[in-house]
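Please treat every number below as a calculation from the coordinates, not as lab data. Everything numeric here is computed off the predicted structure, so don't read it as measured data. Cβ placement follows ideal geometry from the backbone for every residue including glycine, while neighbour counts extend to all protein chains displayed.
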Amino acid sequence: MVAQRRRGGQAIRLDTANAGPAGLTNSWPTLGNVAGSHEWKAFSSRRDYGLVHTGKPATPQIWVAADDPLQLAKGKNGSFPALWLPGLDVGTGCHLARWSDTPRD
C-alpha cells in the first residue's frame with residue numbers, strides 16, 4: 001500500500017500497515033474519518049490471522065490500519081500495524097468496508 005497526496009507528489013510506502021508474508025494482497029481500500037490525530041483506512045487482504053484464519057491463500061478479510069498524517073506530510077511511513085476485524089466469517093471472503101459518522105441504535 002502507498003499514500004499519495006491528492007495533487008500528486010511522491011508515493012509513500014506504508015510498510016508497517018502492509019507488513020506480512022511475500023505475495024500479500026490488499027484491495028478495496030476505503031478511507032474513514034480522522035479520529036484524534038490519526039487517519040483510518042479499511043481494506044480487504046489475504047493475510048493469515050494467527051491460528052484462527054489460515055489458508056493458502058487465506059480468504060480475503062477486512063483489516064483496519066491508522067496513519068499519522070504529520071509523518072506522511074514529512075514523506076515518512078506514518079502507518080501502524082493492521083488489525084483484523086473480529087466477528088467476520090473466516091470462511092467467506094469479505095471485501096468492502098463501510099464507514100459511518102453517526103452510531104446507530
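Tabulate in residue order the Karplus-calculated ³J(HN,Hα) for segment 68-77, using 6.51 cos²θ - 1.76 cosθ + 1.60 with θ = phi - 60°, rounded to whole Hz; enter x for Gly and Pro.
Once θ is set to phi - 60°, the couplings for segment 68-77 become 9, x, 5, 5, 4, 5, 8, x, 10, 5 Hz.
Can you give the net charge of the other residues whose Cβ lies under 13 Å from the Cβ of residue 27, counting K and R as +1 and D and E as -1? All intermediate terms of the calculation are to be shown ahead of the outcome.
Details: positive: 41, 46, 47; negative: none.
Residues near residue 27 contribute +3 overall.
In deg cm²/dmol and to the nearest 500, what is the mean residue ellipticity at 222 nm of the chain if only DSSP H runs of at least 4 residues count, each as -39500 (n - 2.57), divided by the residue total? Don't skip to the answer; put the middle values down first.
On the way: 1 runs with 5 residues, N = 105.
Mean residue ellipticity, 222 nm, calculated: -1000 deg cm²/dmol.
By how many nm would the segment from residue 90 to residue 7 grow when fully extended, if each residue of separation counts as 0.36 nm and the alpha-carbon distance is taken off? Walk me through the intermediate numbers first.
Details: separation 83, 0.36 × 83 = 29.88 nm, distance 3.78 nm.
The span from residue 90 to residue 7 would gain 26.1 nm if fully extended.
Test of understanding: ordering 63, 99, 84 by Cβ neighbours within 10 Å, fewest first, what list do you get?
Numbers: 63 23, 99 11, 84 18.
If I rank by nearby Cβ atoms, fewest first, I get 99, 84, 63.
In what sequence do 44, 79, 27, 37 fall when counting other Cβ within 10 Å, fewest first? Can you show the working numbers first?
Details: 44 21, 79 25, 27 12, 37 9.
Fewest-to-most ranking of 44, 79, 27, 37: 37, 27, 44, 79.
Would you mind classifying segment 2-84 by shape? Square roots of the alpha carbon gyration tensor eigenvalues, ordered a ≥ b ≥ c; an a/c under 1.5 is rounded, otherwise it is prolate if a/b is larger than b/c and oblate if not. Can you show the working numbers first?
Numbers: a/c = 2.22, a/b = 1.84, b/c = 1.20.
Because a/c hits 1.5 or more and a/b exceeds b/c, segment 2-84 counts as prolate.
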